[in-house]
Each structure stands twice: as structure tokens, then as C-alpha cells.
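The values are calculated or read from the model by the stated rules, or taken from the named source; none is laboratory data. All figures in this text were calculated on a predicted structure; none of them were measured in a lab. Neighbour counts are summed over all protein chains in view; Cβ atoms, including those assigned to glycine, are modelled from backbone coordinates with ideal geometry. Keep in mind that these areas ignore ligands, DNA and RNA; they rest on the heavy atoms of the full protein, side chains included. Shrake-Rupley method; radii C 1.70, N 1.55, O 1.52, S 1.80 Å.
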Amino acid sequence: MSAAASVLADNSTLSRLDRLFFRLESILTLAGGFAIFLLVLLATVNILGRWLFSAPISGYVDWVEQAMAFIAFLGIAYTQRMGGHIRMDILVGKFRGRYLWFTEMITTLLMLMITSVLIYGSYMHFWRAYSIGDSSLDINLPTWPAKLVVPVALTILTLRLLLQLWGYIRALRQGGDKPVAVPLVESAAEIAAREASTVSGHEDKTNHD
């Protein structure tokens, strides 16, 4: 599941919060994409400088190492909202109604617990680097900004998981097959049909934010 059509919306408080938070997630994902663009630009300049002038960018590897955290983590909450992380759809897709929402609620709760532990560990890792003035080996770039982005991104993921947990609890109480603010399990045929409609320019706009 990788498109916004898999997340439904209505006028409830939950859905409004979901759409509002999705804007923040989209901005962070865009920032991650911009980091990729800058990294590609840096690589191009480095190659041309080495080839034309025998003068590569000083500390190129250090810059790449620092950029990896931004690229890897800024879009993690966005991907969770879109249902894009690896999951056992083959098994979960066989459930329907409250059985499905109960399973999703339990797995989301487990993810929330694990993410909370990771936030603590990554924050302590950042604080240690900040406290001792840790830096890269070549040009002494401070490493704490890249290490800070990890607990920040995981905190945003935690908020997304809380919203989805709310959505699954709400779906469990109300029943039905079309809850809002959570990624819906789609069959391979549904995904293929939606992607085909997107490519052809006839995508249904009713389910988009």
C-alpha cells in the first residue's frame, strides 16, 4: 500500500487530526527528498572536481555519512501513514471486520512500545555525542545533528502510531470495513487497479485528502 487512496477520511476529529499531521509528515518527507537531491549534487561536484581538477570535495564521506540519517528517518512516519512498511498482508488480509481491527490494534501497540524504547536509546546516543563534542574523522563535522534527527523522527512516528491506534480502537467499536485515518489492507488486484488508474490519469479523487 503506497498511495493516499488507501487512507479514508471523514469529518471526525480523528480524521481532521490525521490530515493535519499528514501535512507535517509530508513536509519532513520532502525535506528527506531534498537531502537526497543535495547528496546527488554533492556526488556530482565531487566526481567532476576529481576528474577535471584533481580536487575532490574535502570530507565527502563525512557529509554522506551525516546525510544518511536524514534520508533514512525523515520519511518514516509518512511511510507508516501510507501503510508502506513491510507487513504480513498475506495473513492479515484474510481477516475482516473486528478481527482485522483487533489484530491491527495489537500490532500497532507493539510497534508503539518498541518505538518508545528506540526513542530513549537514540536520544541518549545523541546526548552522549553532543556532550563529548563527537565529530567525524576527516573534517570534524559534529555528529549530533544527524543523531538528533533519529529520536525526533521516531517521536513523530510515535504520534502517528497513537493516531492509528485511536483509529483501530474506533473501528473495533464501530465495526465495518472502511475505517478512517488508517491504511486499509488491499488485495494485489486492488493495488494494481489503483496504480493503473493513477498512471492513466483517471484516479478517483474522492478518497484523497
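Residue-by-condition table, conditions (1) of a type in the set (Lys, Arg); (2) farther than 19 Å from residue 160 by Cα:
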residue: 8; (1), (2): no, no
residue: 13; (1), (2): no, no
residue: 23; (1), (2): yes, no
residue: 35; (1), (2): no, yes
residue: 41; (1), (2): no, yes
residue: 48; (1), (2): no, yes
residue: 51; (1), (2): no, yes
residue: 54; (1), (2): no, yes
- Message: Just to check your reading of the model, which residue among 154, 159 is assigned to a helix (DSSP H, G or I), under 21 Å from residue 21 (Cβ atoms) and open to solvent by 20 Å² or more (accessible area, probe 1.4 Å)?
- Response: 159
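Any chance you could count how many residues in the range 79-104 are surrounded by fewer than 19 Cβ atoms within 10 Å (Cβ to Cβ) and at pLDDT 80 or above? Steps first, please.
So in the range 79-104, the residues surrounded by fewer than 19 Cβ atoms within 10 Å (Cβ to Cβ) come out as 79, 84-99, 102-103.
Filter once more, keeping what is at pLDDT 80 or above: 79, 84, 96-99, 102-103.
Total satisfying the criteria: 8.
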- Task: Name, by its number, the condition in (1) of a type outside the set (S, T, N, Q); (2) surrounded by 14 or more Cβ atoms within 10 Å (Cβ to Cβ); (3) over 27 Å from residue 14 (Cα atoms) that does not hold for residue 124.
- Result: (2)
- Message: If I ask for residues that are surrounded by 14 or more Cβ atoms within 10 Å (Cβ to Cβ) and in a loop (DSSP other than H, G, I, E, B), which ones from the range 127-138 would you list?
- Response: 134, 136
